[in-house]
Amino acid sequence: MKGKLFFKDEKAKKIFDKVFDYNTLLILHELASKGWFDCILHVVSTGKEAHVFKAQDINAKPRAVKIYKIETSEFKNMIKYIEGDIRFKHVRRDKRHIVFTWTKKEYKNLDIAKKAGANVPMPLAYRDNVLVMEFIGDENAAPLLKDVNLNNEELEKAYWDVIDSVAKMLFKAKFVHADISEYNMLYWKGKVYLIDIGQGVLLSHPHAKEFLERDLRNISKFFSKRGLKKDLEDVKRDLKEKKKEIQL
Ligand SMILES: Nc1ncnc2c1ncn2[C@@H]1O[C@H](COP(=O)(O)OP(=O)(O)O)[C@@H](O)[C@H]1O
Ligand SMILES: [Mg+2]
């Protein structure tokens, strides 16, 4: 194991020293030694539940490294989205195990969403509370859709991008994102990427329909606020229209 944690940035190093436990550091070394990344470049986001860092691999390819915090995670809330999902039947009641299951769930969710053709970051690796995925952006992370100025045409295209991704997840993968909001959509090179997909559940989850309805309501709210008038019924109709175009 290398002695240093390959930091190019002091701020990133400080956050690491303060917030990550020994096991997390070991896991990062392990993922790095497997080649998933070579060095951590800078902090992208520090949230209550997770920190996201930009990293790069040995060929300078950018990576996003999302590290869930064990202490401050809302693990009680997480249980609701884990139980009832047939993929994760046996979740123990301890915090660490719940957060590890959540990380694995985000990886698996990205994987099924990506395979269905939805616009999400490509998942690369996970272990315990650390997830490595494709980095959306260039020097810095792509902006949130809500922070980008779009003309009418671009806004409409962005809307249909979101509908396309939701339809593919729903009709092809029988999967619901369950946390779509203006905070979880990135805009990059004219395309919308859905991120933060750990909450996502299979359609067989007892509350999947309710989560889907909430996602669609959030889509309607966001785009209507920006001037593209789409009420919930419009969004549902557009989703059905999209279904016809999708190769099931
Ligand atoms: N794959 C990615 N590529 C680029 N930036 C990302 C990526 N994943 C997350 N981010 C950035 O990190 C922020 C937080 O990530 P997110 O997954 O929404 O975690 P949370 O909301 O739980 O803190 C995002 O708003 C975005 O700026
Ligand atoms: Mg988020």
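Tell me whether region 1-133 comes out rounded, prolate or oblate; compute the Cα gyration tensor, take square roots of the eigenvalues as a ≥ b ≥ c, and use a/c under 1.5 as the rounded threshold. It is oblate, given that a/c is not under 1.5 and a/b is not larger than b/c. The three principal axes of the C-alpha atoms in region 145-245 carry coordinate ranges of 39, 26, 22 Å, sorted with the longest axis first.
Within region 8-111, the trypsin sites (Lys or Arg not before Pro) that combine a DSSP coil assignment with at most 16 other C-beta atoms in a 10 angstrom radius are Lys8, Lys34, Lys48, Arg87, Lys89, Arg92, Arg93. Can you give me the Cα centroid spacing of region 9-77 and region 81-108 in angstrom? Between the Cα centres of region 9-77 and region 81-108 lies a distance of 20 Å.
Between the exposed loop cleavage positions of the chain, defined as GluC sites (Glu not before Pro) in a non-H, G, I, E, B DSSP state with at most 14 neighbouring beta-carbon atoms within 10 angstrom, the longest gap is 140-248.
Using only alpha-carbon positions in the chain, the gyration tensor eigenvalues give semi-axes of 31, 22, 15 Å once each is multiplied by 5 and square-rooted (largest first).
In order along region 207-222, phi translates into HN-Hα couplings of 10, 4, 5, 5, 5, 4, 4, 5, 4, 5, 5, 5, 5, 4, 4, 4 Hz, rounded to whole numbers, per the Karplus curve 6.51 cos²θ - 1.76 cosθ + 1.60 with θ = phi - 60° and x for Gly and Pro. Of all DSSP bridge pairs formed entirely within region 1-146, close to 95 percent run antiparallel.
Bridgeable aspartates and glutamates around Lys240 (alpha carbons under 18 Å apart, same-chain partners fewer than 8 residues away excluded): Glu156, Asp161, Asp164, Glu210, Glu213, Asp215, Asp231. Compared with the direct C-alpha span, the chain from Glu233 to Leu144 gains 29.5 nm at full extension, assuming 0.36 nm per residue. Annotation: the antiparallel percentage among DSSP beta bridges lying fully within the chain is about 95. Backbone phi angles across region 132-143, fed through the Karplus curve with coefficients 6.51, -1.76 and 1.60 (θ = phi - 60°), yield HN-Hα couplings of 10, 9, 4, 8, 9, x, 10, 4, 10, 5, 4, x Hz in residue order; Gly and Pro are listed as x. Residues with beta-carbon under 14 Å from that of Lys172, excluding Lys172: net charge, scoring Lys, Arg +1 and Asp, Glu -1? Computed value for this residue: +4.
Throughout, read-outs are computed from the coordinates displayed, never taken from laboratory work. Only a predicted model underlies this, so the values are computations on that prediction, with no experimental measurement involved. As a convention, Cβ positions derive from the backbone with ideal geometry for all residues, glycine included, and neighbour counts pool all protein chains shown.
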